[in-house]
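Report on the structure given below.
The values are calculated or read from the model by the stated rules, or taken from the named source; none is laboratory data. Computed from a prediction, not measured in an experiment: that's the story for all the values here. Cβ sites come from the backbone with ideal geometry, for glycine too, and all protein chains shown count toward neighbours.
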Amino acid sequence: PEYQEAKDARRADVNYDDIGGLGTTIDQLREMVELPLRYPELFQRLGVDPPKGVLLHGPPGTGKTRLARAVANESDASFFLINGPEIMGSAYGESEKKLREVFEQAAKAAPSIVFIDEIDSIAPKRGQVTGEAEKRLVAQLLTLMDGLESRQNTVVIAATNRPEAIDEALRRPGRFDREIVIGVPDERGRREILGIHTRGMPLGDKVDLDSLARQTYGFVGADLSALTREAAIEAVRRIMPRLNLEDRTVPPEVLDTLSVTREDFQLAIKRVQPSAMREVMVQA
Ligand code: ATP
């Protein structure tokens, strides 16, 4: 389907082991989403409806999108992504149409996961919105959620960092009636995330990921990913003087010795600011 391909074609598949520090959350999602998508007959046999909607809330960059992708991938389900602000920006009437189309395509490609990022921008509290277009979009989303039959094998996962800002009607039973809080990672979580993002990286002997995890209080997954990238760039800068810019390729003896060192990480740490520090302070 066009919508999915446009969003997905360039992305590699993500698995549960590409997500750090969210073990319990993964277990919860597997039970809520993967199990019913994989074995709908279990739930039919027991006469219970599996959840149709799950709301993930937590600060930006904590892995919500990656998590939804991983659940889809590991459940062998098709994945459809709706970006809240993007769909809101469409021309009058177009937003609802796009939303309907995604749900239609998801039904056809089932089992499916529809992921709505930044749902608060699509479905703010109706009392607080003035625009007619916004009200219609919330109403459309409610209609689509209500229209999802459990047999249809589609689960909607939505993400927000402002759960208090979304329309209460969305959180009623049969809609987004499950909520999972995704917090800022603790030291152990940061260690896991650093491990994931340095997996394919040659590291110098003195690189100590445990100590890096201790030093990165307040960093979310996206910050830690930025940190490892920045450290790698430092490593490249460091070997630049050994390159002859007329050469078309890097000489093997330079390439072989290239690794990311402790010093590269220390320089990088000064550059990357934890984006979630505000949230951390609020929670503390
Ligand atoms: P937003 O709310 O801003 O969309 P998000 O919570 O959906 O953020 P992602 O888009 O999933 O966050 O994460 C951004 C990037 O940060 C990921 O592609 C990944 O590289 C890294 N990342 C975030 N969280 C984790 C994590 N728990 N484990 C590993 N990598 C992570």
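Laid out as a table, the results:
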| read-out | value |
| --- | --- |
| Check on Val48, over 30 Å from Glu192 (Cα atoms) and loosely packed, with under 14 Cβ neighbours inside 10 Å | yes |
| Test: residue in segment 119-130 that is part of a helix (DSSP H, G or I), more than 14 Å from Leu56 (Cα to Cα), in contact with a Pro (Cβ under 9 Å, 6 or more places away or on another chain) and of a type outside the set (Ser, Thr, Tyr) | yes |
| Residue that is surrounded by the most Cβ atoms within 10 Å (Cβ to Cβ) [pool: residues in segment 168-203 that are free of Cβ contacts under 8 Å to residues at least 24 places away in the same chain and more than 15 Å from the ligand (Cβ to nearest atom)] | Arg172 |
| Contacts under 6 angstrom Cβ, first residue in segment 231-248 being among the β-branched types (Val, Ile, Thr) and at pLDDT below 85, partner part of a loop (DSSP other than H, G, I, E, B) and loosely packed, with under 10 Cβ neighbours inside 10 Å, 6 or more apart | none |
| Pair list, Cβ < 6 Å and 6+ apart or interchain, from segment 63-77 residues that are without any contact (Cβ under 8 Å) to a residue 60 or more places away in the chain and under 24 Å from Asp223 (Cα atoms) to residues that are part of a helix (DSSP H, G or I) and of a type outside the set (D, E, K, R) | Ala70/Tyr16 |
| Segment 73-89, subset outside any strand (DSSP E or B) and more than 13 Å from the ligand (Cβ to nearest atom), residue surrounded by the most Cβ atoms within 10 Å (Cβ to Cβ) | Ala77 |
| Matching option when the condition is touching a residue at least 40 places away in the same chain (Cβ under 8 Å), crowded, with 21+ Cβ neighbours inside 10 Å and more than 19 Å from Phe43 (Cα to Cα), among Ala165, Ala159 | Ala159 |
| Pick from segment 204-252, criterion part of a loop (DSSP other than H, G, I, E, B) and among the basic types (Lys, Arg), ranking: surrounded by the most Cβ atoms within 10 Å (Cβ to Cβ) | Lys206 |
| Segment 54-72: number of residues that are within 20 Å of Val155 (Cα to Cα), within 10 Å of the ligand (Cβ to nearest atom) and out of contact with any Pro (no Cβ under 6 Å at 6 or more places or on another chain) | 10 |
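A quick yes/no check of all residues on (1) closer than 18 Å to Leu55 by Cα; (2) modelled with pLDDT of 85 or more:
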{"site": "Ser90", "(1), (2)": "no, no"}
{"site": "Ser95", "(1), (2)": "no, yes"}
{"site": "Lys98", "(1), (2)": "no, yes"}
{"site": "Glu104", "(1), (2)": "no, yes"}
{"site": "Ala107", "(1), (2)": "no, yes"}
{"site": "Pro111", "(1), (2)": "no, yes"}
{"site": "Asp120", "(1), (2)": "yes, yes"}
{"site": "Pro124", "(1), (2)": "yes, no"}
{"site": "Gly131", "(1), (2)": "no, no"}
